[in-house]
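Bear in mind that the values in this text are calculations on the coordinates, not laboratory data. All values reported here derive from a predicted model rather than from experimental measurement. Neighbour counts are summed over all protein chains in view; Cβ atoms, including those assigned to glycine, are modelled from backbone coordinates with ideal geometry.
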Amino acid sequence: MQNLTNRATKVNRNPMTFGERIYLPAIAKGLTITLSHIFKKKATVNYPEVKRPFSPVFRGLHVLNRDEEGRERCTACGLCALACPAEAITMEAAERKPGEEHMYREEKYAAKYEINMLRCIFCGMCEDACPKDAIYLSETVMPANYTRESFIYKKESMLIPDTKKQHSSN
Amino acid sequence: MLLLQFDTAFLIEKVILITIILMGSLGIAMYATWAERKVAAIMQDRRGPNRAGPFGILQPVADGLKLFFKEEIIPDRSTRFLFILGPCIAMLTACMTSVVIPWGPDYVTSSGHVVSLQVADINIGILFIFGIVSLGVYGMMIGGWASNNKFSLLSSIRAASQAISYELAMGISIIALVMLTGSLSMRDIVAQQHGMNWFVIKQPLGFLIFLVCAFAELNRAPFDLAECESELNMGFHQEYSSMKLGFYLFSEYINMFISSAVMATLYFGGYNFPFMDQVAAGVNPLLFTAICVLVLLTKVICFILFFMFIRWTLPRFRYDQLMNLGWKSLIPLALVNMLITGAVILWVIK
């Protein structure tokens, strides 16, 4: 029979020789391998104290961005939800009322913006799709939790804090 | 009333010695569980337990507490008395063998009083150890049978048949040693290995057979197929929980300590070490006794570490391979070893 690849090796079915049957050479060989591991570098780190550095392209939890004046950038256009392959993003748009110009950059804003972190695959397509630079993936790992509800992140928890602090509300 | 006139000082001395040995073997067994996890971690490039205390040295205490606080479950259809008796026998027999091991040379006080570091110098010391070790099989058998679980029973039968098979080869390898010493007393055997005159040099094959059999007797990897704790379930102590399970697990570690001590005593000179006469002349007797005890403990710890290295190196034997090795290789080898030893004693030494 012709082999499909040249990687096939023939299994040795010969009965064990005397040297193999007394097992001792094999045991000695095994012991040298395991004992040599005493001097090897540990493959693990002390996790909570020591953390491995993330790669520069790491994609973690989402952040909703504000503009220079501290107004929400998101206009609820829905392109992120459309781009999302996992269909994790839901939003509801609302119209900006007069007097709310300091809160929302454009006339339309997201009244509700939710990401289901259990569905999210952290591909970053929402970040690519956003025309307003409103959504970013940060370097934070998603924390574990007990209930499914707690994994649906609301707009309030994703919106970065207002750096200007000029308004007491929001 | 003459029978009741015993030496109070002797009694107190022995009680103190027994307490120290019991506590010592429990303590070493406790830290053997920790050391086992550390050794496993090191061999697999991991870190091992390091949360409870510095280097995780409080880990055995935490494990013990956990076992105490676990729910105690006795199966509904089990034989309650035997179910409780099983782990008791396992623990009791594990602790009993240490009485005949001489932990150090006799210490003679300045007033001429001799303090022996052996609890009981019975003239059939080796036989006593073998008897108690065989009783330990009852712990497994009774535990497995009383659980009313067919898998426990099967596993305990496997464990028992393995222990009995390997006891034969072990016994025959010991006979060769006893022919050399002419005594069954552990004290005499150690005394004959004074200095560097260790029996492993005269009986290398016997030692090897004894070592392999000790692995099998202890139900340890590569012969731990009665348990298969790494991938199947727990074997004969499947139905056990809480501290009764702890007793079974713990008795295995005590057995490991004791069998290491027995091997060190029989083949590696016990508390003897090279140039011990020069050391004895140079230091005071109490310090010399302490050095001897430390030497024995060092040998024991080396053996325990060796047991662990083997466990994390070798894969498990199949049951037929195990029986083949025991009956078709080790017993003939032990017999040949015995015959050669006998011939050498008869024609060469005399």
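The C-beta contact set for the stretch B:7-21 (first residue free of Cβ contacts under 8 Å to residues at least 24 places away in the same chain, second residue among the β-branched types (Val, Ile, Thr) and exposed (fewer than 12 other Cβ atoms within 10 Å of the Cβ), distance under 9 angstrom, 6+ apart or interchain) is empty.
Which of the residues spanning the stretch B:101-119 are under 10 Å from B:ARG187 (Cβ atoms) and small (Gly, Ala, Ser)? Matches in the stretch B:101-119: B:SER116 only.
Residue-by-condition table, conditions (1) touching a Leu at 6+ places or on another chain (Cβ under 9 Å); (2) of a type in the set (Lys, Arg); (3) under 29 Å from B:LYS66 (Cβ atoms); (4) part of a helix (DSSP H, G or I):
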position	(1), (2), (3), (4)
B:GLY206	yes, no, no, yes
B:LEU211	no, no, no, yes
B:PHE215	no, no, yes, yes
B:ALA221	yes, no, yes, no
B:PHE236	yes, no, yes, yes
B:TYR248	no, no, yes, yes
B:VAL262	no, no, no, yes
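Given the options A:GLU68, A:GLU72, A:GLU87, A:GLU101, name the one that is of a type in the set (D, E, K, R), crowded, with 18+ Cβ neighbours inside 10 Å and more than 30 Å from B:MET43 (Cα to Cα). Every option except A:GLU72 fails the conditions. Could you grab me the full set of residues in the stretch B:313-331 that are within 14 Å of chain A (Cβ to nearest Cβ) and either in contact with a Lys or Arg (Cβ under 8 Å, 6 or more places away or on another chain) or crowded, with 18+ Cβ neighbours inside 10 Å (or both)? Hits for the stretch B:313-331 are B:THR313, B:LEU314, B:PHE317, B:LEU322, B:LEU325, B:GLY326, B:SER329, B:LEU330. Candidates in the stretch A:23-43 are the residues that are under 18 Å from B:ALA35 (Cα atoms) and facing chain B (nearest Cβ under 9 Å); of these, the one that is nearest to the chain's Cα centre (by Cα) is A:LYS42. Exactly one residue out of B:ASP121, B:ASP63, B:ASP76, B:ASP45 is within 27 Å of B:PHE288 (Cα to Cα) and among the acidic types (Asp, Glu): that is B:ASP121.
Quick check on this structure: which one of B:LEU297, B:LEU339 is surrounded by fewer than 20 Cβ atoms within 10 Å (Cβ to Cβ), hydrophobic (A, V, I, L, M, F, W, C) and over 22 Å from the mean Cα position of the chain (by Cα)?
B:LEU339
Would you check if there is a residue in the stretch B:267-286 being more than 14 Å from chain A (Cβ to nearest Cβ), within 23 Å of the chain's Cα centre (by Cα), over 30 Å from B:LEU82 (Cα atoms) and part of a helix (DSSP H, G or I)? Checked the stretch B:267-286: at least one residue is more than 14 Å from chain A (Cβ to nearest Cβ), within 23 Å of the chain's Cα centre (by Cα), over 30 Å from B:LEU82 (Cα atoms) and part of a helix (DSSP H, G or I). Across the stretch B:43-66, what is the total count of residues that are touching a helix residue (DSSP H, G or I) at 6+ places or on another chain (Cβ under 6 Å), at the interface with chain A (Cβ under 9 Å from one of its Cβ atoms) and polar (S, T, N, Q)? Summing the residues that are touching a helix residue (DSSP H, G or I) at 6+ places or on another chain (Cβ under 6 Å), at the interface with chain A (Cβ under 9 Å from one of its Cβ atoms) and polar (S, T, N, Q) in the stretch B:43-66 gives 1.
In this entry, B:SER116 passes the filter for residues that are more than 24 Å from B:PHE250 (Cβ to Cβ), in contact with a strand residue (DSSP E or B) (Cβ under 9 Å, 6 or more places away or on another chain) and of a type in the set (Gly, Ala, Ser).
Restrict the check to the stretch B:297-304 and report whether at least one residue is part of a loop (DSSP other than H, G, I, E, B) and within 14 Å of another protein chain (Cβ to nearest Cβ). No: the stretch B:297-304 contains no residue that is part of a loop (DSSP other than H, G, I, E, B) and within 14 Å of another protein chain (Cβ to nearest Cβ). Evaluated against (1) out of contact with any strand residue (DSSP E or B) (no Cβ under 9 Å at 6 or more places or on another chain); (2) small (Gly, Ala, Ser); (3) assigned to a loop (DSSP other than H, G, I, E, B), A:SER36 falls short on exactly one condition, (3). I'd like to verify a number: residues in the stretch B:196-220 that are touching a Phe, Trp or Tyr at 6+ places or on another chain (Cβ under 6 Å) and free of Cβ contacts under 8 Å to residues at least 60 places away in the same chain, how many? Count: 0.
The requirement of being in a helix (DSSP H, G or I) and of a type in the set (A, V, I, L, M) is fulfilled nowhere in the stretch B:312-320; no residue meets it. For the stretch B:105-118, filtering for residues that are touching a residue at least 24 places away in the same chain (Cβ under 8 Å) and either on the phi > 0 side of the Ramachandran plot or of a type in the set (A, V, I, L, M, F, W, C) (or both) leaves 3. Among the residues examined, B:ASP121 does not qualify as surrounded by fewer than 20 Cβ atoms within 10 Å (Cβ to Cβ), acidic (Asp, Glu) and within 14 Å of chain A (Cβ to nearest Cβ). Given the conditions (1) outside any helix (DSSP H, G or I); (2) within 14 Å of another protein chain (Cβ to nearest Cβ); (3) surrounded by fewer than 18 Cβ atoms within 10 Å (Cβ to Cβ), which single one is not true for B:ALA40? Every listed condition holds for B:ALA40 apart from (1). In the stretch B:221-248, of all residues being hydrophobic (A, V, I, L, M, F, W, C) and without any contact (Cβ under 8 Å) to a residue 24 or more places away in the chain, the one that is nearest to B:ALA94 (Cα to Cα) corresponds to B:MET234.
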